[in-house]
Each structure stands twice: as C-alpha cells, then as structure tokens.
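As structure tokens, the structure follows; a few thoughts come after it.
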Amino acid sequence: MKKVFKWIGIVLGGLVGLVVVAALVLTVLGSLKVDGRYPTDVSGIAIPTGAEAIARGKHLVEAVSLCGDCHGPNLGGNVLLNDPKLAVLAAPNLTNGQGGVGAAYTDADFVRSIRQGVRPDGSPLFIMPSNYYAHYSDEDLGAIIAYIRSVEPVDNLIPKRQTGILGRILIGAGMFPTNMPEMLKASGAGPSQVASGETKEYGEYISYVAACRDCHGPNFAGNIPSSQAPYGPNLTPSGELARWTEADFLTAFHTGQTPTGRTLSDDMPWKKYGQMTDMELKALWAYLSSLQPLPTNPTR
Ligand code: HEC
Ligand code: HEC
C-alpha cells in the first residue's frame with residue numbers, strides 16, 4: 001500500500017514539475033516578445049495642413065477606423081485592461097495635453113506607431129490594430145496625423161503598460177493578441193495606392209482600414225474561434241447578403257435595419273460606420289459582392 005502512495009507521489013510530483021517547467025518556458029518566451037525591440041524603417045510622409053485634409057482625417061478616425069473606441073472619443077486615452085497579474089494596458093492619450101504622446105511624437109513616430117505597431121524605442125504595441133492600418137495610403141495617413149495634431153489637448157496621465165506573469169505566459173503560448181510587428185511581417189501588408197471610387201478595389205481598402213475582418217473573419221466567411229472580437233456573420237455571397245441589394249446594404253448602415261426587418265445589434269458598430277460616405281459604403285458593397293462564396297467558418 002505504502003509503495004502505491006509512493007508511486008502516486010512521484011507521478012504527481014513529476015506532473016507538477018512539468019507544469020512548472022512549462023510555465024517557466026512560456027514566461028521566458030512571452031518575455032522575449034514583450035521586452036523585445038523591433039527594428040523599423042519609416043519613410044517620411046507629407047503631413048497636410050489644410051482644413052479639408054483635417055476633415056478627412058477626422059472622418060477616417062471617427063467613421064472608418066473608430067480610433068476613439070479604444071483611445072477615447074476625445075483621443076485622450078483610455079484604460080483597456082487593469083489586472084496586474086495579467087496586464088495593465090491603456091490605449092494612450094494621443095493629444096498634445098499632459099500625459100499625451102502628441103507633444104513629443106514626431107510625424108515619423110506617428111507613422112511608425114500606426115503603420116508598424118512599434119514605439120519610437122522599438123517596443124511593440126499591443127492590441128493596436130496596425131495590421132489593418134498598415135494598408136493606409138500615405139495621403140490618408142497624413143490626414144489622420146494632421147487631424148490628431150489639431151484636436152483639443154486633453155490632460156490625462158495614463159498608466160504605463162505592465163505585463164504580469166499570467167500575461168507573459170499567455171503571450172508565450174500565443175493566446176493573447178499582441179505582437180503586431182511579427183503579425184505584420186507575416187501579413188506583408190503595405191500602403192495602398194488604390195484610387196478612391198465606387199470600386200471593389202477601393203472597397204477592399206476600406207474593409208482593411210475599417211477592421212471589418214476583426215469580427216467577420218480574415219476571409220469574411222464569419223469570425224473564427226481564436227478571435228477575441230464579437231461574432232460577425234459570413235458576408236461572402238453564400239451568406240445572408242446574397243439576398244440584399246446595394247440599397248439594402250446602405251440602409252443597414254444608416255438605420256441598422258436589415259431587409260428582413262431585423263435591427264442589427266450594437267456589436268456591429270453600424271452607427272459609427274453609418275457615417276461613412278455613400279461612395280465608401282458602395283465600394284464596400286462592390287467588394288463584398290465580388291468575393292468568392294465561401295462556406296461559413298467553423299465557430300468552435
Ligand atoms: C482596438 C483598440 C485600438 C484601436 C481601434 C486603435 N488603437 Fe491605437 N493603440 C491601442 C493600444 C492598446 C495602444 C498601446 C499599446 C501598448 O501600450 O502596448 C495603442 C497605441 C497607439 C499609438 C502609440 C502611442 C504610444 O504610446 O507610443 C498611436 C500613435 C495610436 N495607437 C494611434 C491610433 C490611431 C490613429 C488609431 C485609429 C486609426 C488607433 N490608434 C486605433 C489600441 C487601439
Ligand atoms: C466589432 C465587431 C464588428 C466589426 C468590426 C464589423 N462588424 Fe459587421 N457585424 C458584427 C456583428 C456582431 C453582426 C451581427 C449583428 C446582428 O445580427 O445583430 C454584424 C453584421 C453585419 C452585417 C449584416 C449581415 C447579416 O447577415 O445580417 C453586415 C452587412 C456587416 N456586419 C458588415 C460589416 C462591414 C462592411 C464591416 C466593416 C466596415 C463590419 N461589418 C465590421 C460585428 C462587426
């Protein structure tokens with residue numbers, strides 16, 4: 001009997017040991033990513049100054065990329081996660097006010113952060129969707145930076161990022177959406193050169209910078225299980241949209257009403273996206289209609 005207990009003890013001890021070793025390995029892997037430095041090569045872009053460009057930047061920030069959802073409606077910063085064991089993470093104050101990056105950031109610093117997801121010191125930005133914003137054309141990105149520079153300064157000191165042990169383990173295991181520089185390199189995304197218009201090409205551009213794929217899946221066939229974002233349905237022509245017209249699509253964005261009389265939930269940010277121009281919405285429709293009909297992605 002005693003022997004049995006001894007063996008159970010050895011096996012349990014071994015298992016605990018394995019878990020500890022695995023946790024240590026994951027912590028080290030996670031820390032390499034968190035504390036890593038990522039070389040970047042930013043080319044300068046022209047930052048416009050006119051009222052028209054600033055209005056364009058405001059439109060992209062508020063109706064297309066919804067930067068305020070994370071950075072706060074006045075771009076004054078916003079704490080997203082405050083759990084020291086996991087992580088303390090804020091979307092920074094982008095303005096010129098106290099605690100904001102605006103005063104210290106050069107134009108190139110803004111370009112690097114937005115397009116490449118990397119701070120001026122080379123550290124990676126977590127959660128910031130640079131994988132989508134890497135598609136921004138020079139012209140639109142210039143307008144966004146011009147707009148950020150024009151907003152009312154907000155005094156708001158935001159906490160420095162901290163990554164707790166649990167956060168490092170999850171990052172080491174690839175279970176926390178963090179590492180933009182790596183993801184970006186893998187995606188090969190780069191600045192768009194597409195002319196604006198009611199074309200599927202321009203619609204594809206908007207679909208990237210508006211981050212539709214976050215909820216509707218990378219191939220638009222419905223969100224995928226590993227995504228942290230709400231479940232958005234299949235938008236390829238094998239889904240519900242096959243029975244919609246372009247006018248139905250615009251109505252859904254303007255009123256939240258679908259052709260079957262359903263009101264879209266607020267998980268779909270239609271109220272904000274509904275401020276897109278008809279040209280942008282028609283381009284999105286042209287793009288979604290041009291997709292291969294795909295079977296809906298498995299949900300879990
Ligand atoms: C899904 C949430 C989210 C959205 C949407 C978002 N950001 Fe961010 N952004 C973040 C987070 C979080 C950080 C800080 C990451 C960190 O500290 O690791 C960040 C960092 C930044 C930084 C770097 C600031 C610094 O401290 O160095 C800039 C600049 C920035 N964002 C601009 C933008 C702009 C412009 C948009 C819209 C085009 C935008 N962000 C949209 C979450 C977001
Ligand atoms: C934050 C997550 C999220 C983002 C980002 C998002 N969607 Fe959605 N979307 C949803 C959800 C959730 C639904 C389902 C809403 C419902 O049925 O109440 C939805 C529904 C829709 C529908 C209705 C489809 C149907 O079958 O009824 C359309 C069209 C749509 N989204 C288009 C888009 C486009 C285009 C973009 C980018 C500009 C986008 N969505 C970005 C979450 C999102």
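Are any of the residues in the stretch 6-26 assigned to a helix (DSSP H, G or I), of a type in the set (D, E, K, R), farther than 30 Å from Ala108 by Cβ and not assigned by TED's automatic domain parsing to the domain that holds Glu152?
Checking the stretch 6-26: at least one residue is assigned to a helix (DSSP H, G or I), of a type in the set (D, E, K, R), farther than 30 Å from Ala108 by Cβ and not assigned by TED's automatic domain parsing to the domain that holds Glu152.
Given the criterion β-branched (Val, Ile, Thr) and either within 16 Å of ligand 1 (Cβ to nearest atom) or touching a Leu at 6+ places or on another chain (Cβ under 8 Å) (or both), identify the matching residue among Thr263, Thr258, Thr199, Thr277.
Thr258
I'd like to verify a number: residues in the stretch 216-248 that are farther than 14 Å from Pro298 by Cα and under 24 Å from the mean Cα position of the chain (by Cα), how many?
Here the count works out to 5.
How about the stretch 85-98: which of its residues are more than 15 Å from Arg149 (Cα to Cα) and within 13 Å of ligand 1 (Cβ to nearest atom)?
Matches in the stretch 85-98: Ala87, Val88, Leu89, Ala90, Ala91.
Can you tell which of Pro120, Pro153 is outside any helix (DSSP H, G or I) and more than 9 Å from ligand 1 (Cβ to nearest atom)?
Answer to the check: Pro153.
Restricting the stretch 79-90 to residues that are touching a helix residue (DSSP H, G or I) at 6+ places or on another chain (Cβ under 8 Å) and in contact (Cβ under 8 Å) with a residue 60 or more places away in the chain, which is farthest from ligand 2 (Cβ to nearest atom)?
Ranking the qualifying residues of the stretch 79-90, first place goes to Lys85.
Among the residues that make up the stretch 232-242, is at least one of them away from ligand 1 (no atom under 16 Å from the Cβ), of a type in the set (S, T, N, Q) and crowded, with 21+ Cβ neighbours inside 10 Å?
Checked the stretch 232-242: at least one residue is away from ligand 1 (no atom under 16 Å from the Cβ), of a type in the set (S, T, N, Q) and crowded, with 21+ Cβ neighbours inside 10 Å.
Is one or more of the residues making up the stretch 251-269 of a type in the set (Asp, Glu) and touching a strand residue (DSSP E or B) at 6+ places or on another chain (Cβ under 9 Å)?
Taking every residue of the stretch 251-269 in turn, none turns out to be of a type in the set (Asp, Glu) and touching a strand residue (DSSP E or B) at 6+ places or on another chain (Cβ under 9 Å).
Identify, please: which residue in the stretch 261-300 is hydroxyl-bearing (Ser, Thr, Tyr) and at pLDDT 95 or above and is, among those, surrounded by the fewest Cβ atoms within 10 Å (Cβ to Cβ)?
My answer is Ser265.
Suppose we filter the stretch 157-213 for residues that are crowded, with 19+ Cβ neighbours inside 10 Å, under 16 Å from the mean Cα position of the chain (by Cα), not in a helix (DSSP H, G or I) and not assigned by TED's automatic domain parsing to the domain that holds Thr277; how many remain?
3
Determine whether Thr260 is in a loop (DSSP other than H, G, I, E, B), over 20 Å from the mean Cα position of the chain (by Cα) and either away from ligand 2 (no atom under 12 Å from the Cβ) or not aliphatic (A, V, I, L, M) (or both).
When the stated conditions are applied, Thr260 passes them.
Exactly one condition in (1) more than 20 Å from Pro129 (Cα to Cα); (2) part of a loop (DSSP other than H, G, I, E, B) is false for Thr40; which is it?
Against the list (1) more than 20 Å from Pro129 (Cα to Cα); (2) part of a loop (DSSP other than H, G, I, E, B), Thr40 comes up short only on (1).
The values are calculated or read from the model by the stated rules, or taken from the named source; none is laboratory data. No experiment lies behind these values; they were computed from the predicted model shown. Because the Cβ atoms are built from the backbone with ideal geometry, glycine has one as well, and the counts that use them run over all protein chains shown.
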